[in-house]
1. What is the angle, in °, between the Cα long axis of helix A:24-36 and the longest principal axis of the Cα atoms in chain A? Nearest 10 is fine, range 0 to 90.
2. For B:SER66 and B:LEU86, FRET efficiency with R0 = 25 Å and r from the beta-carbon atoms, rounded to 0.05?
3. Among A:VAL93, A:VAL62, A:VAL46, whose mean-square fluctuation peaks in a Gaussian network model of chain A (Cα, cutoff 10 Å)?
4. Taking only DSSP H segments of four or more residues, each worth -39500 (n - 2.57), what value at 222 nm results for chain B once the sum is divided by all its residues, to the nearest 500 deg cm²/dmol?
5. How far apart, in nm, are the 7 Å Cα→Cβ label points at A:ARG94 and B:ASP45?
6. Kindly state, to the nearest 0.05, the FRET efficiency for B:TYR74 paired with A:MET15, given R0 = 25 Å and r defined as their beta-carbon distance.
7. Taking the Cα centroid of the range B:37-115 and of the range A:51-102, what is the distance between the two, rounded to the nearest whole Å?
8. Enumerate the aspartates and glutamates that A:LYS74 could reach by cross-link, defined here as Cα to Cα under 13 Å, with residues fewer than 8 away along the same chain left out.
Amino acid sequence: MSDAPERRFIIEMGMGNDLYGGDQTKAAARAIEDALRHSSIPLFEVRGLPHDAMRVAVTVAVPNPESVDTEALKSALPRGRVTVRAVEGGLLVRSPASPDGIIMASASVEAYLPAQY
Amino acid sequence: MAPLLIEFGMGTSLRRQDYTEAALRGLKDALWHNSINLAELFGKDKTDMRLCCVIGVQQPDKVDVSKLADVFPYGQPTFHVEKGGLDIPRPDYEGGGRPTVIANVAIKVSLEGVS
């Protein structure tokens, strides 16, 4: 099975924000959590596959990606072999209540398994 | 058939106490938080997907499931509506009005021929 070509079988998508602290990593962590909590993947137990058969590629998009601690974000992904990258995107929303602006982050969590046929 | 993936969503009806609309929005929330290529992973066709949709609202008999099937671009959905979700009453000072409705939705995805 490990010779089989890799297939992406799900993209989990989420939104997170930091309202008052201007913290890009916090917003990104919340976006990842939002993505993960909208699905469950019982196919490992159903098919008898180990979780580390899965490769997980996480992308977070925020206004200032260089300020994101991508190593810290890895711990939010409990299963599989994980990489995290930060790119420019999301949204910075000006608000009188938020001196640093509201940081909105998008997260995509892409999961890959070897083809199962 | 055992579910291979389960998607979760929340839908609401703010003022009209429309349980069908809340269920519909919950289905959309579940569907559009994820992009699934499960059929391709198992060498199956998209039409082999079987979708069991479980919907929780406080008044399950008010959900018209005939209005829900169209939201699915492909796959064969079945619907199980049960008591769940949440109704939030309006405060007394508003002098009447319908509660705000929350629907909880779980979509269990199976594939014909994969167990």
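Bear in mind that the values in this text are calculations on the coordinates, not laboratory data. Quick caveat, the model's predicted, so the values are computed rather than measured. A quick note on method: Cβ atoms are made from the backbone with ideal geometry, for glycine too, and the neighbour counts reach across all protein chains shown.
1. The two axes meet at around 40 degrees.
2. My answer for the efficiency is 0.55.
3. A:VAL46
4. The helix contribution divided over chain B gives -4000 deg cm²/dmol.
5. 5.5
6. That pair, B:TYR74 with A:MET15, gives E of 0.45.
7. If we compute the Cα centre of each part, the gap is 30 Å.
8. In chain and number order, the partners are A:GLU33.
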